[in-house]
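Down below is the structure, laid out as structure tokens.
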Amino acid sequence: MKITVLASGEFAVPTVDALVHGGHEVVIATQPARPAGRGRKARPTAVAAHAATLGVPCEEIEDVNALAGLEWITATTPDVLAVVAFGQKLGSAVRAIAPWGCVNIHPSLLPRWRGAAPVPAALLAGDERTGVCVIDVVERMDAGDVLARKETAVAGKTAAELLDELALDGAELLLEVLDRMAQGDLTRRPQDESAVTRSRKLSRDDGRVRWEHDARDVDRRVRATTPRPGAFTLLPDGTRLAILRGGPDVLPALDPPLPLPGEIIPDEEEGLLVACGREAYRLHEVRPEGSKAMAVDAYLRGHPLPDGARFGP
């Protein structure tokens, strides 16, 4: 099958691998290289860099809906268009090019969590399960019929860990959809519009830990924002401390007065125990400003915090 893949982000790399090694004829369109890093040098997308290692043609297209983009996609004569973590909305002219249509891999159990950041949204909401869907691409964002879906347990995973897992599941699911498409055995399930929930792109402040919340909510926030935009708290001197790994813990029996939210609780176990609005959260790995990631015990040897010190704001 001839497949033109529109993809940019790391989430799409397993899909490119699966299609190429699955015997399909693949060409790729991706976003242009953008300035990145301290030197602000142009950096290709994750998909462009990976396509180069595979020897697969990869075209940088600024706007697939513009004439040049339409002409390039049309010239690839695809049977189907596959869109994965591309970063551009497709107009009707693009969607009409391939005779078998245009499909997308979306990392949620649609219609739950349409939008820009479905995995963090599922974590912040405390969903016990999430998953990935292959859907038709239609005019409205993430509203197309569901062609296939696969569930997975959240079970303490970070957003990064879930995205890695769902990227592999989505690639496998897309191959199944293409096989059923070729056999004329594809089932389409319309989404229930009454069950739609929407996710939004996270801001930097979404990573700020609210110690006044329940310890489980703190844990969800840390996992939802790992690795981006990153969970953090403020040290007593006002500098930022990134929280990379931790988990909810029981608040030990203490004599009154009870610790305030954000207050460090002395104990004999590894890590750093911090009081929350309910129960406590134990930090295991952190990254100080301008430094590298380290275990909390190593951090405390160089940056001791007095008993009763309080994270903020």
Filtered residues of the stretch 274-292 (kept if in a strand (DSSP E or B) and within 19 Å of residue 207 (Cα to Cα)): 274, 275, 280, 281, 282, 283, 284, 285, 286, 287, 288
Tell me whether the stretch 38-47 contains one or more residues that are of a type in the set (Lys, Arg), surrounded by 14 or more Cβ atoms within 10 Å (Cβ to Cβ) and modelled with pLDDT of 95 or more. no
Select from the stretch 133-152 the residues that are more than 18 Å from residue 87 (Cα to Cα) and of a type in the set (Val, Ile, Thr) and write down the one among them that is surrounded by the most Cβ atoms within 10 Å (Cβ to Cβ). 146
As an exercise: evaluate residue 167 against (1) buried (at least 16 other Cβ atoms within 10 Å of the Cβ); (2) out of contact with any helix residue (DSSP H, G or I) (no Cβ under 9 Å at 6 or more places or on another chain); (3) assigned to a helix (DSSP H, G or I) and give the number of the one condition it does not meet. (2)
Residue check for residue 45: in the same structural domain as residue 12 (by TED's automatic domain parsing), hydroxyl-bearing (Ser, Thr, Tyr) and closer than 26 Å to residue 188 by Cα: no
Would it be correct to say that residue 77 is on the phi > 0 side of the Ramachandran plot, assigned by TED's automatic domain parsing to the domain that holds residue 116 and more than 23 Å from the chain's Cα centre (by Cα)? yes
Filtering the stretch 205-252 down to residues that are of a type in the set (Val, Ile, Thr) and part of a loop (DSSP other than H, G, I, E, B) yields 209, 225, 226, 239, 250
Mind counting the residues in the stretch 153-164 that are surrounded by 15 or more Cβ atoms within 10 Å (Cβ to Cβ) and in a loop (DSSP other than H, G, I, E, B)? 3
Just give me the residues in the stretch 1-60 being of a type in the set (Gly, Ala, Ser), assigned to a helix (DSSP H, G or I) and either at positive phi or free of Cβ contacts under 8 Å to residues at least 12 places away in the same chain (or both), in sequence order. 49, 52
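The values are calculated or read from the model by the stated rules, or taken from the named source; none is laboratory data. Computed from a prediction, not measured in an experiment: that's the story for all the values here. As a convention, Cβ positions derive from the backbone with ideal geometry for all residues, glycine included, and neighbour counts pool all protein chains shown.
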